[in-house]
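Shown next, in structure tokens, is the structure this report addresses.
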Amino acid sequence: MRRPIIAGNWKMNMTSAQGVRLVEELKPLVADADCDVAVCVPFTDIPAVSAALKGSNIRLGAQNVHFAENGAYTGEISAQMLKEFGVEYVIVGHSERRRMFDDTDEVVNMRMHAALAAGMTPIVCLGETLEQREGGETEGCLSYQVEHSLKGLDDVSKIVIAYEPIWAIGTGRTATAQQANDTIAYIRKKCAEVFCPKCAEKVRIQYGGSMNAGNCKELMAMPEIDGGLIGGASLKAADFAAIVRYNK
Ligand code: 13P
């Protein structure tokens, strides 16, 4: 049995003070969660949110990490810098970074390995564009991403995968539960081929893309969907808590 994981991706929202207020409101609402809960916050929010989360069941995540241990990389943040503040999860390869900041599969792969080497769990995002979906290229795209973004993993179950169809992100257009389930099943099958069947059975694969309080129950009821990576709906405590408590 895979333990579900619901993570918020705040993206470039919430100042540190706003972030602390949000998690203070969130903590009592999700204290009885049956799944793993995390918030992936902007770098500058990390120290204060980390302190605010102490003693709670909410884990802390970041939204990116540089692949080098240290050095002349102006403006970048290393895995050790995150680790020092108790960061446990790091999103890598989000489609917004792939699209707007040129994160190639090779770079995503290096970031993933840097997070793992520091003892953090990378949440690696995969997903197809609308053109790829409509052109029947979804499986080809995901197959390429599994092979290249996840290259060199000895055990794929050490990471979390987030399947985020790009056409469903921030658009209000969710994949149907069946579409999401079938595509995640394909990712798992590909992982079984590239890595091993046992670790593919174990790896948690989230769905992300306009997941909200209204559609989370149906999505989470699907056998292949092991959680959610939540953008917009993670910015309001009540909305995010309703997703975390999808089974209550
Ligand atoms: P939305 O939930 O706002 O569609 O964002 C999804 C996402 O990109 C999470 O990483």
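The table for this structure:
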{"item": "Qualifying positions in region 227-244 - touching a strand residue (DSSP E or B) at 6+ places or on another chain (Cβ under 9 Å) and either at pLDDT below 95 or open to solvent by 10 Å² or more (accessible area, probe 1.4 Å) (or both)", "result": "231, 233, 235, 239"}
{"item": "Residue in region 102-114 that is under 16 Å from residue 204 (Cα atoms), crowded, with 17+ Cβ neighbours inside 10 Å and either within 15 Å of the chain's Cα centre (by Cα) or modelled with pLDDT of 95 or more (or both) present", "result": "yes"}
{"item": "Candidate set: region 83-101, residues that are over 16 Å from the mean Cα position of the chain (by Cα) and more than 16 Å from the ligand (Cβ to nearest atom); chosen: the one most open to solvent (accessible area, probe 1.4 Å)", "result": "84"}
{"item": "Residue 138, sole failed condition from (1) β-branched (Val, Ile, Thr); (2) touching a His at 6+ places or on another chain (Cβ under 9 Å); (3) under 24 Å from residue 192 (Cβ atoms)", "result": "(2)"}
{"item": "Residue among 244, 203, 156 that alone is within 16 Å of the ligand (Cβ to nearest atom) and not small (Gly, Ala, Ser)", "result": "244"}
{"item": "Considering residues of region 214-224 that are open to solvent by 10 Å² or more (accessible area, probe 1.4 Å) and in contact (Cβ under 8 Å) with a residue 12 or more places away in the chain only, the residue nearest to the ligand (Cβ to nearest atom)", "result": "215"}
{"item": "Tally, over region 172-186, of residues that are within 16 Å of the ligand (Cβ to nearest atom) and either over 23 Å from residue 38 (Cα atoms) or among the charged types (D, E, K, R) (or both)", "result": "4"}
{"item": "Residue match in region 19-31 (condition: buried (at least 20 other Cβ atoms within 10 Å of the Cβ) and closer than 21 Å to residue 119 by Cα)", "result": "no"}
{"item": "Unique residue being part of a helix (DSSP H, G or I) and closer than 25 Å to residue 117 by Cβ when the list is 205, 187, 161", "result": "187"}
{"item": "Filtered residues of region 117-153 (kept if closer than 19 Å to residue 60 by Cα and either exposed (fewer than 14 other Cβ atoms within 10 Å of the Cβ) or within 16 Å of the ligand (Cβ to nearest atom) (or both))", "result": "117, 119, 121, 122, 123, 124, 125"}
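The values are calculated or read from the model by the stated rules, or taken from the named source; none is laboratory data. Please read all numbers here as calculations on a predicted model, not as lab measurements. Virtual Cβ from ideal backbone geometry, glycine too; neighbours counted across all protein chains shown. Heavy atoms of the whole protein, side chains included, go into the accessibility calculation; ligands, DNA and RNA do not. Shrake-Rupley method; radii C 1.70, N 1.55, O 1.52, S 1.80 Å.
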